[in-house]
Amino acid sequence: MKIEFLETIKVVDGLASNLEYHQRRYEAVLNSYGIKQFAELSTLIDAPKEGLYRCRLVYDLKGNIACSYHPYVKRKIASLKLITADKLEYSKKYADREALDALFAKRSGCDDVLIVKNGLLYDTTIANIALFDGKKWVTPKKPLLTGTTRERLLESGFLTPKDISVSDLKEYTQIAVMNAMIDFDIIADKKIEEIIC
């Protein structure tokens, strides 16, 4: 079975955002399979010169890489359904999102799901999360996927990694979602108990 991986890169007016983090993750994926030769992603991106686009970069273990560009429309996330998926594994950004799509289908009228594994919070189907305790923003220590925005905000010191259990939710006042396209997006004007449906 052919394994393909994905990088989703934000492109604004032809310029790719935070490309060093995508390059780093792309190389780490290939490195985990013993591959030591990497393309320079910046040389592959030839996006439209005006507007906001999602660059979908798909690659495999044989060195095949394809880029496509899609006008970006932000998906509204104002409610999250807790879904337990103890056996889910998505440590690499696979192009095959069947398992995540199956969880998303269980959202029961909510905007997305918040994945729980062994009692701990992980990610939504499209984003890492962060919670505000009144002093600092914390993010799950072991995310489902190591997102590029999460990595950047951890390195800057803005985020603190921490194991967060479902029962800990009551200790936080705000929740945010983050990914390459939306950056860091606080779900505003709602209490945590109103967001978790």
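Any read-out appearing in this document is the output of simple, stated calculations on the displayed coordinates, not a laboratory observation. The shown structure was predicted, so the numbers you read here are calculated from the model rather than taken from an experiment. Using ideal geometry, Cβ is built from the backbone for each residue, glycine included, and neighbour counts are taken over all protein chains shown.
Note that the stretch 57-65 has calculated 3J(HN,Hα) couplings of 9, 10, 9, 10, 7, 9, x, 6, 9 Hz, one per residue in order, obtained from phi through the Karplus relation 6.51 cos²θ - 1.76 cosθ + 1.60 (θ = phi - 60°); glycine and proline are x. Maximal additional length on extending the Asp185-Val12 stretch stands at 60.5 nm, based on 0.36 nm per residue less the C-alpha distance. Oblate is the label for the stretch 72-128. Its Cα gyration tensor axes, ordered a ≥ b ≥ c, give a/c of at least 1.5 and b/c at or above a/b. Taking amide H as placed 1.01 Å from N in the peptide plane, the amide H of Thr125 sits under 5 Å from that of Val113, each at least 5 places away or on another chain. How much net charge surrounds Glu171 when only other residues with a Cβ under 15 Å from its Cβ are counted (Lys, Arg +1; Asp, Glu -1)? It works out to a net charge of +1. Extension gain, Glu40 to Lys106: 0.36 nm times the residue separation minus the Cα-Cα distance gives 19.9 nm. Applied to the stretch 94-108, the Karplus parametrisation 6.51 cos²θ - 1.76 cosθ + 1.60 on θ = phi - 60° returns per-residue 3J(HN,Hα) values of 6, 5, 7, 10, 4, 5, 5, 5, 5, 5, 4, 5, 9, 6, 6 Hz, with x for Gly and Pro. Across the stretch 39-49, coupling constants 3J(HN,Hα) worked out from phi with the 6.51/-1.76/1.60 Karplus curve, θ = phi - 60°, read 7, 8, 4, 4, 7, 9, 8, 9, 8, x, 7 Hz, and Gly and Pro carry x.
In the chain, if every C-alpha pair distance is counted and binned at 10 Å from zero, what percent goes to each bin? Answer for the chain: a P(r) of 8, 34, 36, 18, 3 percent.
Evaluate Rg over Rh across the stretch 80-195, taking Cα atoms for both radii and Kirkwood's formula for Rh. Over the Cα atoms of the stretch 80-195, Rg/Rh equals 0.93.
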